[in-house]
Amino acid sequence: MTILLLLNKTPFFEITSVLDDFAHLDDIIRLDKYIHDGNKGERPPLPPHETCLRNVRAIIMGITSSLSYMQLAVMQIKKRYNAIYYSGNGYTAYDFYRYHYSSFCHAIATIHDLFFKLVVELCDFNIGSKRMIQWDKLSYALNSNGENDIKELLKNYYSIIEEHEQKRNRVSHEGLLFSKMLDNYHLTNIWSRIHSKSTMVNERPEYTEGTMENKYLLAKTKKAFVGELNKLTDITGDTALALFELLLPKLLHKMSPDFIELHRQEFFELNIDSINRHVLGIK
């Protein structure tokens with residue numbers, strides 16, 4: 001089972017999706033009554049549990065979407081480079097892999113940011129702007145509220161992805177992006193141009209395009225690079241799974257008892273295991 005399917009099957013994801021669907025129905029009914037009664041002006045704000053469900057669902061959909069982009073980027077890097085097609089359009093192999101690695105770095109940085117937003121949404125931390133959440137403020141809030149498990153999970157995740165997140169920042173702000181594999185491709189292009197004259201002695205065949213040594217180097221570094229990105233994707237998915245589990249009680253705590261009672265029979269008839277156990281209390 002892929003990591004995306006595992007995330008979609010978690011109690012956190014299922015409960016959020018089902019409860020948010022019912023919350024939307026409640027809102028439609030209220031809107032219909034509001035219009036029917038001839039009310040004018042702005043509608044009353046959503047109840048807190050509905051606002052929470054909408055925000056949480058948007059965040060977790062962003063997480064799964066970004067994970068999909070990470071997987072797609074790895075698939076593109078992994079597949080064979082079509083030299084005829086891309087060269088004909090003015091692109092090199094270096095450009096091709098650099099573009100997809102840049103997409104990967106953007107996705108992993110986005111997920112890290114969404115993890116912060118999800119924690120703040122469900123833990124009710126007052127740390128200022130929810131748009132740009134700073135780690136020092138979030139870390140302080142987690143410490144102050146005894147949320148050590150969440151803090152350690154986020155801290156460990158950042159220690160693993162820090163290098164790639166910093167690369168995302170550099171490519172965004174400075175247009176720079178480097179990696180061992182990309183540099184090997186880049187050196188191949190440079191070295192091949194320098195040694196295009198037959199009078200020059202080729203002291204580094206591993207960086208000369210088309211040589212057996214070069215093909216071996218590129219295949220070796222590409223395999224290692226794909227392996228590294230796959231590992232990072234798995235770690236990101238595992239971190240999301242662990243975070244969902246830690247935040248599930250907080251999501252349930254924010255649900256209105258009246259909302260649950262209103263739809264209890266409907267939830268029961270759905271007979272979804274996660275709803276039965278965590279929402280209805282049926283073992």
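A few points about this structure:
- Unsatisfied cross-links (Cα-Cα over 26 Å) in the set Lys130/Lys231; Lys151/Lys254; Lys151/Lys231; Lys9/Lys223: Lys130/Lys231; Lys9/Lys223
- Against the main long axis of the alpha-carbon atoms of the chain, helix 48-78 sits at an angle near 20°.
- Accessible heavy-atom area order of Arg30, Arg131, Arg80, highest first, probe of 1.4 Å: Arg80, Arg131, Arg30
- Area of Glu213 that stays accessible when all protein chains are in place (1.4 Å probe, Å², to 10): 90 Å²
- Going by accessible surface with a 1.4 Å probe and the largest first, Leu6, Leu280, Leu241 read Leu6, Leu241, Leu280.
- For the chain, the Cβ-based charge dipole about the Cα centre amounts to some 1120 debye (Lys, Arg positive; Asp, Glu negative; other atoms uncharged).
- Where only DSSP H runs of four or more residues are counted, the chain gives -25000 deg cm²/dmol as its mean residue ellipticity at 222 nm, each run worth -39500 (n - 2.57).
- Nearest-10 value in Å² for the accessible area of Glu209, using the 1.4 Å probe: 120 Å²
- Rounded to the nearest 10 square angstrom, Ile127 shows an accessible area of 20 square angstrom against a 1.4 Å probe.
- Its convex hull of Cα atoms gives region 221-283 a direction-averaged projected area, equal to a quarter of the hull surface, of 5.9 nm².
- With respect to the chain, whose longest principal axis is taken over its alpha-carbon atoms, helix 212-253 is tilted by about 10°.
- The orientation-averaged shadow of the Cα convex hull for the chain, equal to a quarter of the hull surface, comes to 21.3 nm².
- Selection from Ser66, Asn143, Pro44, by position along the positive dipole direction of the chain (Cβ): Ser66
- Principal-axis tilt of helix 135-144 within the chain, Cα atoms, nearest 10 degrees: 40 degrees
- Of all the options Gly146, Gly90, Gly210, the one that moves most in a Gaussian network model of the chain with Cα springs shorter than 10 angstrom is Gly90.
The values are calculated or read from the model by the stated rules, or taken from the named source; none is laboratory data. Quantities reported herein were computed from a predicted structural model and do not represent experimental measurements. Counting neighbours? That spans all protein chains shown, and the Cβs are built from the backbone with ideal geometry, glycine included. Note: areas computed on protein heavy atoms with side chains; ligands, DNA, RNA excluded. Shrake-Rupley method; radii C 1.70, N 1.55, O 1.52, S 1.80 Å.
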